[in-house]
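Novice: Below are the structure tokens for one structure; questions will follow.
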Amino acid sequence: YYADINRLPAISDQDMNAYLAEQARLHSSEFNVLSALHEIYAYVSKYSQEIIETLGQDEQAQKQKLAYKVEQIIFAMSSES
């Protein structure tokens, strides 16, 4: 299976973006925002240390205080449950 995929011709970023945009449009009514947010929170919560450390080391993230903001979101969400 993976060998077959590896033999497929490469597609451009533009083609991939167009395909993803079309899929998003076709399936927009199937998307559950709350479920997606829950999955994102579960991931961020699980890997919070790594995410916060990485954000703390990135210059652009430091300027926007993203590590602090992520910590605040995790705290607020954990105190809600």
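Novice: With charges set only on the Cβ (+1 for Lys and Arg, -1 for Asp and Glu), what does the dipole of the chain come to about its Cα centre, in debye to the nearest 20? Let's see the in-between values first.
Specialist: On the way: 6 positive and 12 negative charges, 29 e Å.
The calculated dipole for the chain is roughly 140 debye.
Novice: Let a ≥ b ≥ c be the square roots of the eigenvalues of the Cα gyration tensor of region 1-48; is it rounded (a/c under 1.5), or, if not, prolate (a/b larger than b/c) or oblate?
Specialist: oblate
Novice: Something else: If I compute solvent accessible area with a 1.4 Å probe over the protein chains, what percent of it on the chain is carbon and sulfur?
Specialist: Result for the chain: 57 percent of the exposed heavy-atom area is carbon or sulfur.
Novice: Using only Cα atoms, tell me the angle between helix 13-26 and the longest principal axis of the chain; keep it within 0 to 90° and round to the nearest 10.
Specialist: That helix lies at roughly 80 degrees to the long axis.
Novice: Return the distance in nm (one decimal) between the two label points of a simple spin-label model at Glu71 and Gln49, each offset 7 Å from Cα along Cα→Cβ.
Specialist: The answer from the label model is 1.5 nm.
Novice: Follow-up. In what order, largest first, do Ile52, Ile73 sit by accessible area if the probe radius is 1.4 Å?
Specialist: Heavy-atom accessible area, descending, gives Ile73, Ile52.
Novice: Still on this model: Taking Cα atoms, how many degrees apart are the long axis of helix 33-46 and the longest axis of the chain, rounded to 10 and kept between 0 and 90?
Specialist: Approximately 60 degrees, to the nearest 10.
Novice: Something else: So how tilted is helix 66-80 from the main axis of the chain? Cα-based, degrees 0 to 90, rounded to 10.
Specialist: Once rounded, one gets 80 degrees.
Novice: Please report the projected area of the chain's Cα convex hull averaged over all directions, in nm².
Specialist: That works out to 8.9 nm², a quarter of the Cα hull's surface.
The values are calculated or read from the model by the stated rules, or taken from the named source; none is laboratory data. Computed from a predicted model, the values in this text were never measured in an experiment. A quick note on method: Cβ atoms are made from the backbone with ideal geometry, for glycine too, and the neighbour counts reach across all protein chains shown. Quick note on the areas: whole protein, heavy atoms, side chains included, nothing else; ligands and nucleic acids left out. Shrake-Rupley method; radii C 1.70, N 1.55, O 1.52, S 1.80 Å.
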